[in-house]
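The values are calculated or read from the model by the stated rules, or taken from the named source; none is laboratory data. Worth saying up front: this structure is predicted, and the values here are computed from it rather than measured. Ideal geometry is used to build each Cβ from the backbone, glycine not excepted, and the neighbour counts take in all protein chains shown. These accessible areas exclude ligands, DNA and RNA; they are computed on the full protein's heavy atoms, side chains included. Shrake-Rupley method; radii C 1.70, N 1.55, O 1.52, S 1.80 Å.
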Amino acid sequence: MSENGATERAVDRVGFIGLGNMGKPMARGLTSWRGGLTVCDIRPGATDKFVEHGARAAADPAELAAETAVICVTVLDDAQVTDVVTGPRGILATATPGTVIAVHSTIGDRTAERLAAVCAERGVEFVDAPVSGGAGAAKQGTLAVMAGGTPAAIERIREPFGCFADLIVHAGPVGAGTRMKLARNLLHFVAFTAATEAQRLAEASGLDITELGTVVRHSDAITGGPGSIMLRDTTAPIPPDDPWYSVLGHVRDLGEKDLTLATELGARLDVPLPLAELALTRFADGLGVPTGIERQEA
């Protein structure tokens with residue numbers, strides 16, 4: 001036993017709570033972790049396969065925390081995360097000072113900050129560590145992790161997280177990981193909405209929308225999709241003498257031309273394209289360059 005009562009093997013042992021669609025493949029990557037793995041899930045039988053591969057099963061978060069030093073939490077929402085961390089048989093009931101709790105669930109940034117303050121009272125580190133890439137990336141070990149926490153806590157999690165992720169970004173203090181995930185997913189789901197708008201336009205034009213989807217996935221795999229323009233370190237307007245000015249000015253010209261043609265087609269076919277119309281008015285400003293629409297109309 002160590003001075004604080006934890007077992008010596010807890011120094012490197014990882015705990016994983018929540019073995020659902022995302023948690024299961026993430027935890028599976030940790031079955032080969034040198035320090036050992038303890039798993040916990042409220043569903044009967046969810047831990048069986050992990051035990052077969054050498055992991056230990058804990059009855060509840062408190063039992064798991066008693067023998068682990070880094071604890072991953074992948075449950076549904078803010079309420080479940082709060083209960084797992086602070087409930088009567090939650091992690092903090094047994095966690096020793098120096099334990100790191102990493103929450104992969106996408107929760108509110110204020111919830112993360114509040115829980116971090118509660119954990120700090122016990123000498124426990126809290127990291128909000130949402131992930132991007134989906135279950136497929138989790139199975140392949142290629143998730144992206146956006147982590148908010150102290151530098152010391154981030155260093156503690158880097159090596160074990162390498163079992164399921166190949167990109168770990170220290171976004172800033174607690175809450176920053178969640179804010180980065182929300183910004184990332186804003187792009188994701190707005191793009192999904194734009195995709196449905198494009199499908200409606202294509203369908204009204206008599207096109208096969210499954211073939212359109214094939215074209216989109218093919219070209220995005222080459223160009224990088226919307227993320228391909230996310231290379232600047234500021235969203236401020238670009239000075240004319242900046243090298244980015246001509247690059248993004250060219251993107252603006254192409255975008256405004258194609259958006260104009262698409263909205264004209266939509267009007268002709270009586271297909272509402274609210275996102276396209278909004279994009280046309282904000283595209284140049286978002287890129288940091290002046291609009292070219294007035295110049296084109298002149």
Next on the checklist: Going Cα to Cα from LYS257, which aspartates and glutamates come in below 19 Å? Please leave out same-chain ones fewer than 8 positions away.
Outcome noted: GLU197, GLU277, ASP285, GLU294, GLU297
Checklist entry - Under a 5 Å amide H to amide H cut-off, with H placed in plane at 1.01 Å, what residues pair with ARG56 once short-range neighbours are removed? => result LEU37, THR38, VAL39
Checklist entry - Karplus couplings for region 176-193 from phi (6.51 cos²θ - 1.76 cosθ + 1.60, θ = phi - 60°), rounded to Hz, Gly and Pro as x? => result 5, x, 5, 5, 5, 5, 5, 5, 4, 6, 4, 4, 4, 7, 5, 5, 4, 5
Item to check | Cα→Cβ-extended label distance, 7 Å offset, between GLU155 and GLN140, nm | outcome: 3.2 nm
Checklist outcome for this item: In debye to the nearest 20, the charge dipole size for region 11-127, taken about the Cα centre with +1 at each Lys and Arg Cβ and -1 at each Asp and Glu Cβ, equals 260 debye
Checklist entry - Rounded, prolate or oblate: which fits region 227-277, taking a ≥ b ≥ c as square roots of the Cα gyration tensor eigenvalues, rounded meaning a/c under 1.5, else prolate when a/b beats b/c? => result prolate
Item to check | Residue-wise HN-Hα coupling along region 154-164, computed from phi with Karplus coefficients 6.51, -1.76, 1.60 (Hz; x: Gly, Pro) | outcome: 5, 5, 5, 8, 4, 5, x, 5, x, 6, 9
Checklist entry - If the cut-off is 19 Å between C-alpha atoms, which lysines fall inside it for LYS139, apart from same-chain ones fewer than 8 positions away? => result LYS24, LYS49
Checklist entry - Normalised by the number of residues in region 134-249, what is the relative contact order in percent for Cα pairs under 8 Å and 6+ residues apart? => result 18 percent
Checklist entry - Working out 0.36 nm times the residue gap between ARG282 and THR193, then minus their Cα-Cα distance, what length gain in nm do you get to one decimal? => result 30.4 nm
Checklist entry - Ignoring ligands, DNA and RNA, what percent of the accessible area of region 31-106 is carbon or sulfur (1.4 Å)? => result 56 percent
Next on the checklist: Contact order normalised by length for the chain, with contacts defined as Cα pairs under 8 Å and 6 or more residues apart; what percent is it?
Outcome noted: 12 percent
Item to check | Backbone HN-Hα couplings from phi across region 32-43 [Karplus 6.51/-1.76/1.60, Hz, Gly and Pro as x] | outcome: 9, 4, 4, x, x, 9, 10, 10, 8, 7, 6, 7
Checklist entry - Given a Förster distance of 51 angstrom, what is the FRET efficiency for ASP77 paired with ALA204, based on the Cβ-Cβ distance and rounded to 0.05? => result 0.85
Item to check | For region 131-175: accessible area per residue (Å², 1.4 Å) | outcome: 41 Å²
Checklist entry - Excluding ligands, DNA and RNA, what is the solvent-accessible area per residue of region 212-298 at a probe of 1.4 Å, expressed in Å²? => result 69 Å²
Next on the checklist: With only alpha-carbon atoms in the gyration tensor, what are the semi-axes of the equivalent ellipsoid for the chain, in Å, largest first?
Outcome noted: 46, 22, 16
